[in-house]
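Taking it in order: structure first as structure tokens, then the write-up.
Readers should treat all values here as calculations from the given coordinates under stated rules, not as data from a laboratory. The structure presented is a predicted model; accordingly, all values stated were derived computationally and were not measured. FYI the Cβ positions are ideal-geometry reconstructions off the backbone, even for glycines, and counts take in every protein chain you see.
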Amino acid sequence: MGRKYYCDYCDKRIQNDYNIIKQHNVGLPHLRAKAEYFQQFKGSTKIKTPIDLEQILAEVKHKAPCRSLKDGSDCTFGVLCRYRHYTQEQIWEMQKFVKSKQDIHQKRSERLRKSMRNVKVRSELFIQKRFDRPAVETLPPSLQRLEDLMLPSSK
């Protein structure tokens, strides 16, 4: 007897044959176990980022509410359910949170744009002051070049 194939998602050992493994991978128990496995990482952080919430909102946008949750019972389909498991109030709160984060990001980027405009002006002034040479007349005689000290009539 050959070695057995072990499925990490389902915690099962099956015969190590390509067709059997392929059939197992498209089966409903395997798909459910795989979806539940990845779902635990999707909502693992207590503080959700706006990107996570945007993704969740995009997924549940066009879904109808799940009937089993209306009754107060658990959904038998779990993560594979075709319906949404969020109430209208929860969706509204997520939209509000995402909108506030987007507004904050927009204000920050606007402030950054304004400061970058000022940086350009300040850097041009700095370069102008730093690299523009002062007039020869403003230098003391000891620092002036000899050609500049000579009278124009003697040239």
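Brief remarks follow.
- Gained length - LYS101 relative to TYR83, 0.36 nm times residue gap less alpha-carbon distance: 3.8 nm
- Compared with the alpha-carbon gap, the fully stretched path from PHE38 to LEU143 is longer by 30.3 nm at 0.36 nm per residue.
- Rounded to the nearest 20 debye, the dipole size of region 1-45 about its Cα centre is 60 debye, using +1 on the Cβ of Lys and Arg and -1 on the Cβ of Asp and Glu.
- Whole-Å semi-axes of region 1-45's equivalent ellipsoid (Cα gyration tensor): 25, 11, 6
- Note on ASP17 and SER115: their simple-model spin labels are 6.7 nm apart, each label 7 Å out from Cα toward Cβ.
- Convex hull volume per residue for region 47-128, taking Cα atoms only, in Å³: 113
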